[in-house]
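A.B. asks: Supplied in structure tokens, the structure appears directly below.
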Amino acid sequence: SELEAEPTPEARQRHTELARELDEHQYRYYILQSPSVDDSIYDRLMRELEAIEAEFPALVTPDSPSQRVGGTFSTDFAAVTHAERMLSLDNALDDDELNAWVERVERDAGSQPRYLCELKIDGLAVNLTYRDGRLIRAATRGDGRTGEDITLNARTIRDIPERLKGDDVPALLEVRGEVFFTLAGFEEVNAAQVAAGERPFANPRNAASGSLRQKDPRITASRPMRMLVHGFGAREGFNPASQSEAYELMHAWGLPTSERWKVFGDLKGVRSYIEEYGEKRHKIEHEIDGVVVKIDQMSIQRRLGSTSKAPRWAIAFKYPPEEAMTKLLDIEVNV
Ligand code: NAD
């Protein structure tokens, strides 16, 4: 609008620098699968870019790294267009950012929201399409609109049912979830890599991405991958009133839902969940990089809607990276 401030030359220049740097990091992370910086550094650079864009909205172009869902894409697989877009998540890097999100949500929700908390698993997002209860396709997230067809590979994962059970299965359901390795499974796959003279995977996320995106599904089948459901996309004949009801229904149909999600009436409950899993995070069988908080009621989810990149009704609270914590402590000690 006319009231928007014209970007200063400094802001424009810094924006260009940051966009270039973030592009490069996204390329290294999603395509080469070999990031050169820690996630926390990437997240801070993204924050800086977003702050400049908030001050000077003219700098928000569709090709800004802040506007796109990043994803792996390889021509080894057929392209699949998701019936409904697969989004990323906005994140809160500390308590203040979480509070700001809650304030915004409660201001715009229209009624008192309930908060569903669940673990953020560090794996690979997949989209499973069930038609009349039968798995007809599995795809990676890709750029959110188009992913890779990994149906044959997904069929080798035991958690993923070929058919949904029950006589109330919907005519169409896009099930979204995370494919991942447990820590034990990750050790197993890396031991096998080393024994075969191959390079071990850097982390469980890379292992999941590499294992699911194999040309030969027999390799995928040999690896102990798991899956947990964390959402849904397009659907016909499925109208849950809440996220928690959706999980209960999907669970009844035989889909792998988590046993750890919890619904709270207020921020206090959310905080206690975050704190609880912050303490327990190393006792969990798989890696987590945070807690995802979602508004439970579908009516409020619809009302809040989404940005080009992420739903406004969910946020990923990221635990501080442990190396960074140690570094902070070191600095404090030195001071
Ligand atoms: P993300 O991984 O932060 O969050 C979105 C994803 O979380 C979803 O697609 C889904 O797959 C997953 N997820 C796990 N548990 C979930 C749950 N319970 N509910 C919903 N979703 C759940 O976002 P992203 O877009 O995949 O990646 C962005 C992040 O990747 C950055 O914040 C950064 O940490 C990292 N990254 C790092 C670099 C680097 O150079 N180090 C570069 C690019 C991205």
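Bear in mind these aren't lab numbers, they're just calculated from the coordinates by the rules spelled out. Since this is a predicted model, take the numbers as computed values, not measurements. We place every Cβ from the backbone using ideal geometry, glycine too, and count neighbours over all the protein chains shown.
A.B. asks: Using 1/(1 + (r/R0)^6) with R0 = 35 angstrom and r between the beta carbons of R68 and A195, what's the FRET efficiency to the nearest 0.05? Spell out each step's value before the answer.
C.D. replies: On the way: r = 39 Å, r/R0 = 1.12.
Efficiency, rounded to the nearest 0.05: 0.35.
A.B. asks: In addition: Please identify every one of the trypsin sites (Lys or Arg not before Pro) in the stretch 181-227 that sits in a loop by DSSP and has no more than 12 other beta carbons within 10 Å of its own beta carbon.
C.D. replies: K215
A.B. asks: No solvent, one uniform scatterer per C-alpha: report log10 I(q)/I(0) for the chain via the Debye equation at q = 0.08, 0.11, 0.12, 0.14 1/Å, two decimals.
C.D. replies: -0.40, -0.78, -0.93, -1.28
A.B. asks: In addition: Rg to Rh ratio, the stretch 195-335, alpha-carbon atoms and Kirkwood radius?
C.D. replies: 1.03
A.B. asks: Now, a different point. Treating only the Cβ atoms of Lys and Arg (+1) and Asp and Glu (-1) as charged, compute the dipole magnitude of the stretch 1-88 about its Cα centre; round to the nearest 20 debye.
C.D. replies: Its charge dipole is roughly 300 debye.
A.B. asks: So what is the relative contact order of the stretch 153-231, in percent, for Cα pairs below 8 Å that sit 6 or more residues apart?
C.D. replies: That works out to 52 percent.
A.B. asks: Taking amide hydrogens as modeled 1.01 Å from N in the peptide plane, which residues meet the under 5 Å criterion relative to H286, leaving out close sequence neighbours?
C.D. replies: Long-range HN contacts for H286: L183.
A.B. asks: Scan the stretch 36-114 for trypsin sites (Lys or Arg not before Pro) in coil per DSSP, keeping those whose Cβ has at most 12 other Cβ atoms within 10 Å, and list them by number.
C.D. replies: Answer by residue number: there is no such site.
A.B. asks: If the elastic network links every pair of Cα atoms under 10 Å, which of F56, F186, F317 fluctuates the most in the Gaussian network model of the chain?
C.D. replies: Result for the chain, Cα springs under 10 Å: F56 fluctuates most.
A.B. asks: Take the alpha carbon atoms of the stretch 1-37, find their center, do the same for the stretch 259-285, and report the distance between the two centers in whole angstrom.
C.D. replies: 33 Å
A.B. asks: Quick one: which residues, 5+ away or cross-chain, put their amide H under 5 Å from the amide H of D266? H built at 1.01 Å from N.
C.D. replies: The answer is Y115.
A.B. asks: Rounded to the nearest 500 deg cm²/dmol, what is the calculated helix-only ellipticity per residue at 222 nm for the chain, with -39500 (n - 2.57) per DSSP H run of length n ≥ 4?
C.D. replies: Helices in the chain give a 222 nm mean residue ellipticity of -11500 deg cm²/dmol.
A.B. asks: Over the chain, what is the relative contact order in whole percent, taking alpha-carbon pairs under 8 Å and six or more residues apart?
C.D. replies: 23 percent
A.B. asks: For the chain, what is the charge dipole size about the Cα centre, in debye to the nearest 20, if Lys and Arg each add +1 at the Cβ and Asp and Glu each add -1 at the Cβ? Intermediate results must be reported in sequence, preceding the final value.
C.D. replies: On the way: 44 positive and 58 negative charges, 284 e Å.
In total the dipole reaches around 1360 debye.
A.B. asks: How much length is gained on full extension from D39 to E106, taking 0.36 nm per residue of separation minus their Cα-Cα distance?
C.D. replies: That works out to 21.2 nm of additional length.
A.B. asks: Within the chain, which is the longest segment containing none of the GluC sites (Glu not before Pro) that sit in a DSSP loop and have at most 16 other Cβ atoms within 10 Å?
C.D. replies: That gives 5-83 as the longest site-free run.
A.B. asks: Still on this structure, I have one more. What full-extension length gain, to one decimal in nm, is calculated for T16 and R302 as 0.36 nm per residue of separation minus the Cα-Cα distance?
C.D. replies: The span from T16 to R302 would gain 99.5 nm if fully extended.
A.B. asks: Okay, moving on. Binning at 5 Å from 0, report for the stretch 121-252 what percent of all alpha-carbon pair distances ends up in each bin.
C.D. replies: Per 5 Å bin, starting at 0, the Cα pair percentages come out as 2, 11, 20, 23, 17, 13, 8, 4, 2, 1, 0.
A.B. asks: Within a 10 angstrom radius of the beta carbon, how do M46, M86 rank from fewest other beta carbons to most?
C.D. replies: In order of increasing Cβ crowding within 10 Å: M46, M86.
A.B. asks: I would also like to ask the following. Lysine pairs in the chain with Cα distance under 21 Å, only those 8 or more apart or on different chains: how many are there?
C.D. replies: Taking the Cα cut-off of 21 Å, the pair count is 21.
A.B. asks: Something else: What FRET efficiency comes out for the pair S222/K165, r = Cβ-Cβ distance, R0 = 30 Å, nearest 0.05?
C.D. replies: Calculated transfer efficiency: 0.65.
A.B. asks: Let me ask you something else. Please state the charge dipole magnitude for the stretch 158-227, taken about the Cα centre, from unit charges on C-beta atoms (+1 on K and R, -1 on D and E), reported in debye and rounded to the nearest 20.
C.D. replies: 220 debye
A.B. asks: Over the stretch 198-309, what relative contact order in percent results from Cα pairs under 8 Å that are six or more residues apart?
C.D. replies: 25 percent
A.B. asks: Quote the FRET efficiency, to the nearest 0.05, computed for A51 versus A184 with a Förster distance R0 of 45 Å and r equal to the Cβ-Cβ distance.
C.D. replies: 0.65
A.B. asks: Whole-Hz Karplus ³J(HN,Hα) for the stretch 119-135, in order, using 6.51 cos²θ - 1.76 cosθ + 1.60 and θ = phi - 60°, x for Gly and Pro?
C.D. replies: These are the phi-based 3J(HN,Hα) values: 7, 9, 8, 8, x, 10, 6, 10, 10, 10, 9, 10, 10, 6, x, 10, 5 Hz.
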